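Shown next, in structure tokens, is the structure this report addresses.
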Amino acid sequence: MVSERLPLYLGKRTLIDMTTETRRDVFQAIADPTRRKIIDLISHRPMNLRTIADYFHISRPAISQQIKILNECGLVEITKEGRETFCSIQPRELKKIADWAGRYSKLWEERIDSFEAYVNKLHAKKNKRHGKSK
């Protein structure tokens, strides 16, 4: 793995230095809404850079940079066909995200059920105080 230092810019100031190794984290990659939209677009079929860029109000080089990040973390495969560059999704890396999130689904469901029971209890108390029956 390459550990070349890359500056992360925020406006005109350097925010932090990152290594490409850090940048290859799939969770960091999907944190950006533009990259999530790119993943959504190419999840149905491979697309060329021009077609992907047409969905956004940013420059084509900016889209290329977003795709480069997705490629570095293994979410997107880039292939050349003649003069065209195509991007396709790599489901194996997406599965890692789903597997990680899936570990917490039971916890989320339990907490939502607990909150729903609490709200129902509050409604029942309110209705009881005001003489309303369910």
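Does residue 72 count as closer than 30 Å to residue 39 by Cβ, surrounded by fewer than 10 Cβ atoms within 10 Å (Cβ to Cβ) and charged (D, E, K, R)?
Numbers: closer than 30 Å to residue 39 by Cβ: yes; surrounded by fewer than 10 Cβ atoms within 10 Å (Cβ to Cβ): no; charged (D, E, K, R): yes.
No; evaluated as a whole, the condition is false for this residue.
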Practice item. Quick one: residue 41 ticks every box in (1) surrounded by 15 or more Cβ atoms within 10 Å (Cβ to Cβ); (2) more than 20 Å from residue 96 (Cβ to Cβ); (3) at pLDDT below 90 except a single one, so which number is it? Key: (3)
Point to revise | Among residues of segment 93-120, those that are among the charged types (D, E, K, R), touching a residue at least 12 places away in the same chain (Cβ under 8 Å) and more than 17 Å from residue 41 (Cα to Cα), counted | key: 1
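Residue by residue, here is whether (1) in a helix (DSSP H, G or I); (2) assigned by TED's automatic domain parsing to the domain that holds residue 48; (3) in contact with a Cys (Cβ under 6 Å, 6 or more places away or on another chain); (4) over 29 Å from residue 27 (Cα atoms) holds:
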site	(1), (2), (3), (4)
66	yes, yes, no, no
69	yes, yes, no, no
99	yes, yes, no, no
114	yes, no, no, no
119	yes, no, no, yes
126	yes, no, no, yes
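Among the residues of segment 120-131, is any within 30 Å of residue 49 (Cβ to Cβ) and small (Gly, Ala, Ser)? Talk me through it step by step, then tell me what you get.
Residues of segment 120-131 that are within 30 Å of residue 49 (Cβ to Cβ), as a first pass: none.
No, segment 120-131 contains no residue that is within 30 Å of residue 49 (Cβ to Cβ) and small (Gly, Ala, Ser).
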Practice item. Run residue 100 past the list (1) surrounded by 11 or more Cβ atoms within 10 Å (Cβ to Cβ); (2) in contact with a strand residue (DSSP E or B) (Cβ under 8 Å, 6 or more places away or on another chain) and report the number of the one that doesn't hold. Key: (2)
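Any residue that is part of a loop (DSSP other than H, G, I, E, B) and aliphatic (A, V, I, L, M) - is there at least one of those in segment 32-55?
First, the residues of segment 32-55 that are part of a loop (DSSP other than H, G, I, E, B): 32, 43-46, 54-55.
Filter once more, so that each one left must be aliphatic (A, V, I, L, M): none.
No: zero hits.
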Point to revise | Contacts under 8 angstrom Cβ, first residue in segment 78-92 being more than 12 Å from residue 41 (Cα to Cα), partner assigned to a loop (DSSP other than H, G, I, E, B), 6 or more apart | key: 79/46; 86/46; 90/74; 90/75; 92/74
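Suppose the filter is modelled with pLDDT under 95 and either touching a Gly at 6+ places or on another chain (Cβ under 7 Å) or surrounded by 12 or more Cβ atoms within 10 Å (Cβ to Cβ) (or both); does residue 90 pass it? Step through it out loud before you land on a result.
Details: modelled with pLDDT under 95: yes; either touching a Gly at 6+ places or on another chain (Cβ under 7 Å) or surrounded by 12 or more Cβ atoms within 10 Å (Cβ to Cβ) (or both): yes.
For residue 90, the condition - modelled with pLDDT under 95 and either touching a Gly at 6+ places or on another chain (Cβ under 7 Å) or surrounded by 12 or more Cβ atoms within 10 Å (Cβ to Cβ) (or both) - is met.
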Practice item. State all residues of segment 14-38 that are more than 19 Å from residue 74 (Cβ to Cβ), modelled with pLDDT of 90 or more and of a type in the set (Ser, Thr, Tyr); if no residue qualifies, say none. Key: none
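Being out of contact with any Pro (no Cβ under 6 Å at 6 or more places or on another chain), loosely packed, with under 15 Cβ neighbours inside 10 Å and modelled with pLDDT under 95: is that true of residue 60 here? Walk me through it before giving the result.
Values: out of contact with any Pro (no Cβ under 6 Å at 6 or more places or on another chain): yes; loosely packed, with under 15 Cβ neighbours inside 10 Å: yes; modelled with pLDDT under 95: yes.
So residue 60 fits the description; yes.
The values are calculated or read from the model by the stated rules, or taken from the named source; none is laboratory data. Source: prediction; values computed, not measured. Ideal geometry is used to build each Cβ from the backbone, glycine not excepted, and the neighbour counts take in all protein chains shown.
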